[in-house]
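Okay, structure first, notes after.
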Amino acid sequence: MKPEKKKKIVKTIRIDVDKCNGCRACEVVCSAFHAAPKYGNNNPGRARIRVIHEPLKNIFLPVYAGEYTAAECMGRDKYIIDGKEYDECAFCRASCPSREAFKEPDSELPLKCDMCESDPPLEKPLCVQWCLNDALVYEEREEEVDEEEEKPEDAELAVEALIDKYGFDKVSDVLARIAAAKAASKKA
Ligand code: SF4
Ligand code: SF4
């Protein structure tokens, strides 16, 4: 039997590299929005967007954090833009073991752009709102997808990353301890 189809809103941000001047407002507001407490600090190391800079030609390229991957690539790509060769991982969106990008600086948990998920929802993602040069343009479209195409939630990806780093037994021990402590504090 064919899987049921359902409607899904696909959110995208179109990047116009020519309009980016490298102000990094997008990094600042993203990290502040995802700080705990919200807007409590603005460490761009925690942003889900990174602006790559090529100083000689003054090119800025915003890159969004994508999926977490437990293993690094077997092969790598090289990019040559305006005659300058870029680091082979520079434009990759993945949080992966081979580099520091798109990881929480303290915990090293993977970071992924969540389009500023919020309740109530924002009209536009904050990086788009803060980009005064219109280098980032928010777009939505509707697509039909199979029911089983649902992607794992961020929380699931974070636990998966912890298991990759510390092993299943250690993570499940810690979760069991936290659950027991929470249950005890509710009873008290
Ligand atoms: S806010 Fe806009 S112009 Fe500034 S760095 Fe980010 S994308 Fe570029
Ligand atoms: S859409 Fe939101 S979460 Fe994604 S990079 Fe922009 S500010 Fe960060």
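What follows draws every value from the coordinates through simple rules; no lab data is involved. Only a predicted model underlies this, so the values are computations on that prediction, with no experimental measurement involved. Positions of Cβ are backbone-derived with ideal geometry, glycine not excepted, and every protein chain shown enters the neighbour counts.
With 19 Å as the limit, write out which pairs from Lys84/Lys112; Lys57/Lys84; Lys8/Lys38 have Cα-Cα distances beyond it, or answer none.
Violating the 19 Å limit, Cα to Cα: Lys84/Lys112; Lys8/Lys38.
Taking 0.36 nm per intervening residue step and subtracting the Cα-Cα distance, what contour gain separates Glu54 from Asp173 on full extension?
That works out to 38.3 nm of additional length.
Go through the stretch 8-18 residue by residue and turn each phi into a ³J(HN,Hα) via Karplus (6.51, -1.76, 1.60, θ = phi - 60°); whole Hz please, and just put x for glycine and proline.
Running phi through 6.51 cos²θ - 1.76 cosθ + 1.60 with θ = phi - 60° gives 9, 8, 9, 9, 9, 10, 7, 10, 9, 4, 4 Hz.
What does the charge dipole of the stretch 77-188 about its Cα centre add up to, to the nearest 20 debye, if the Cβ of each Lys and Arg holds +1 and the Cβ of each Asp and Glu holds -1?
With only Lys, Arg, Asp and Glu charged at Cβ, the dipole is about 1000 debye.
Taking the dipole about the Cα centre of the chain, with the C-beta of Lys and Arg at +1 and of Asp and Glu at -1, give me whichever of Ser98, Val10, Ser31 is farthest to the positive side.
Ser31
Placing unit charges on C-beta atoms (Lys and Arg positive, Asp and Glu negative, everything else neutral), compute the dipole magnitude of the chain about its Cα centre in debye, rounded to 20.
It works out to roughly 640 debye.
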